[in-house]
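The values are calculated or read from the model by the stated rules, or taken from the named source; none is laboratory data. Just so it is clear, the model here is predicted, and its values are computed rather than measured. Using ideal geometry, Cβ is built from the backbone for each residue, glycine included, and neighbour counts are taken over all protein chains shown. Protein only, heavy atoms only, side chains kept; ligands, DNA and RNA dropped before computing areas. Shrake-Rupley method; radii C 1.70, N 1.55, O 1.52, S 1.80 Å.
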Amino acid sequence: LPQDLWHLVASEEERAAAREDGLALRTLFVAKEAVYKAQQALAPLFLEFSDVAVDLARGVARARPSGREFRLAVSTLPRVVVVAWAVRER
């Protein structure tokens, strides 16, 4: 992920948590894309990168417009892969 795109993909808090590390920010990008695809499967809703808050350390994300929470499974070797699935609402 080119450094000049970091501000478009990640919030200031997310960049700080990733310590502006290229691999962590690429993983964040892939996580947001995974959440977008999981959300689309449930209900078509256009999401901007800023609409998805990701906490890689906890393995969770939230889509702000829907309020839906997602769990994340992350692998960075040999490629960055993230799987997102919605947490069942009570």
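Of note:
- Considering the stretch 65-90, and only residues there that are charged (D, E, K, R) and either open to solvent by less than 30 Å² (accessible area, probe 1.4 Å) or over 14 Å from E33 (Cα atoms) (or both), the residue that is modelled with the lowest pLDDT turns out to be R90.
- So A17, is it in a helix (DSSP H, G or I) and touching a strand residue (DSSP E or B) at 6+ places or on another chain (Cβ under 6 Å): no
- Failed condition for W85, given (1) touching a residue at least 40 places away in the same chain (Cβ under 8 Å); (2) of a type outside the set (D, E, K, R); (3) out of contact with any helix residue (DSSP H, G or I) (no Cβ under 8 Å at 6 or more places or on another chain); (4) farther than 20 Å from L1 by Cβ: (3)
- Qualifying residue in the stretch 43-53 (condition: assigned to a strand (DSSP E or B) and open to solvent by 20 Å² or more (accessible area, probe 1.4 Å)): yes
- Filter result (open to solvent by 60 Å² or more (accessible area, probe 1.4 Å), of a type in the set (A, V, I, L, M, F, W, C) and more than 23 Å from P65 (Cα to Cα)) within the stretch 10-42: A16, L23
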